[in-house]
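**Student:** Could you have a look at this structure, given as structure tokens, before my questions?
The values are calculated or read from the model by the stated rules, or taken from the named source; none is laboratory data. The structure presented is a predicted model; accordingly, all values stated were derived computationally and were not measured. Note that we place each Cβ from the backbone using ideal geometry, even for glycine, and neighbour counts take in every protein chain shown.
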């Protein structure tokens, strides 16, 4: 697995042109926001999103969980925020998938928890860019998680990182 230092705007624009804008999402880590709902509604009148903890055991901590947001084209305010803001963009992952919003959220629901060797169930924070960065070299071990994704982008330090 190699990591490339990329020009974020050019690379993301090229990928979105290749696959279609309707297939782009940002998976935000709600724990990295002071108020995730204010952030979403500041960028959209009617955001298309799913809070992944909704309807799960973790629902009581929903605001600190992952939010899957469907982007609304290349002029999308959230896409601009992601490509133009260094540290702030470390609050989420940019995804390209041919699944619709609900199907992609359903897929991610399967991965919200993990079992440790002692059988303890813990949160699996795959939506945290730092954790995904640590897992990226184990691409084959997280293949089921990544299966419906054509591209995954995240920011780590200065460069934009990408799978596959």
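**Student:** Looking at this structure, is residue 69 under 24 Å from residue 146 (Cα atoms) and in contact with a helix residue (DSSP H, G or I) (Cβ under 7 Å, 6 or more places away or on another chain)? Before you say what the answer is, go through the steps one by one.
**Tutor:** Values: under 24 Å from residue 146 (Cα atoms): yes; in contact with a helix residue (DSSP H, G or I) (Cβ under 7 Å, 6 or more places away or on another chain): yes.
Against the criterion (under 24 Å from residue 146 (Cα atoms) and in contact with a helix residue (DSSP H, G or I) (Cβ under 7 Å, 6 or more places away or on another chain)), residue 69 qualifies.
**Student:** Further question on the same structure: Somewhere in the range 44-54, is a residue within 16 Å of residue 150 (Cβ to Cβ), crowded, with 16+ Cβ neighbours inside 10 Å and in contact with a helix residue (DSSP H, G or I) (Cβ under 9 Å, 6 or more places away or on another chain)?
**Tutor:** Start the filter on the range 44-54 by keeping residues that are within 16 Å of residue 150 (Cβ to Cβ), which leaves none.
No, every residue in the range 44-54 fails to be within 16 Å of residue 150 (Cβ to Cβ), crowded, with 16+ Cβ neighbours inside 10 Å and in contact with a helix residue (DSSP H, G or I) (Cβ under 9 Å, 6 or more places away or on another chain).
**Student:** Does the range 156-163 include one or more residues that are touching a helix residue (DSSP H, G or I) at 6+ places or on another chain (Cβ under 6 Å) and surrounded by fewer than 16 Cβ atoms within 10 Å (Cβ to Cβ)?
**Tutor:** The answer is yes; a qualifying residue exists.
**Student:** Restricting to the range 114-127, and then to whatever is over 18 Å from residue 151 (Cβ atoms) and touching a residue at least 24 places away in the same chain (Cβ under 8 Å), can you tell me which residue is surrounded by the most Cβ atoms within 10 Å (Cβ to Cβ)? Write out each step before concluding.
**Tutor:** Filtering the range 114-127 down to residues over 18 Å from residue 151 (Cβ atoms) leaves 114-125.
From what's left, touching a residue at least 24 places away in the same chain (Cβ under 8 Å): 123, 125.
Working: 123: 14, 125: 16.
Here the answer is 125.
**Student:** Something else about it: Just give me the residues in the range 12-54 being modelled with pLDDT of 90 or more, part of a helix (DSSP H, G or I) and either more than 21 Å from residue 102 (Cβ to Cβ) or in contact with a strand residue (DSSP E or B) (Cβ under 8 Å, 6 or more places away or on another chain) (or both), in sequence order.
**Tutor:** 30, 31, 32, 36, 38, 39, 40, 42, listed by residue number.
**Student:** Are there any pairs, at least 6 apart or on different chains, whose C-beta atoms fall under 9 Å, with the first in the range 137-159 and under 10 Å from residue 97 (Cβ atoms) and the second modelled with pLDDT of 85 or more and part of a loop (DSSP other than H, G, I, E, B), and if so, which?
**Tutor:** Listed pairs, sorted by first residue: 148/98; 148/99; 149/99; 150/98.
**Student:** So, of the residues in the range 55-73 that are surrounded by 14 or more Cβ atoms within 10 Å (Cβ to Cβ) and within 15 Å of residue 16 (Cα to Cα), which turns out to be modelled with the highest pLDDT?
**Tutor:** Out of the qualifying residues, it is 70.
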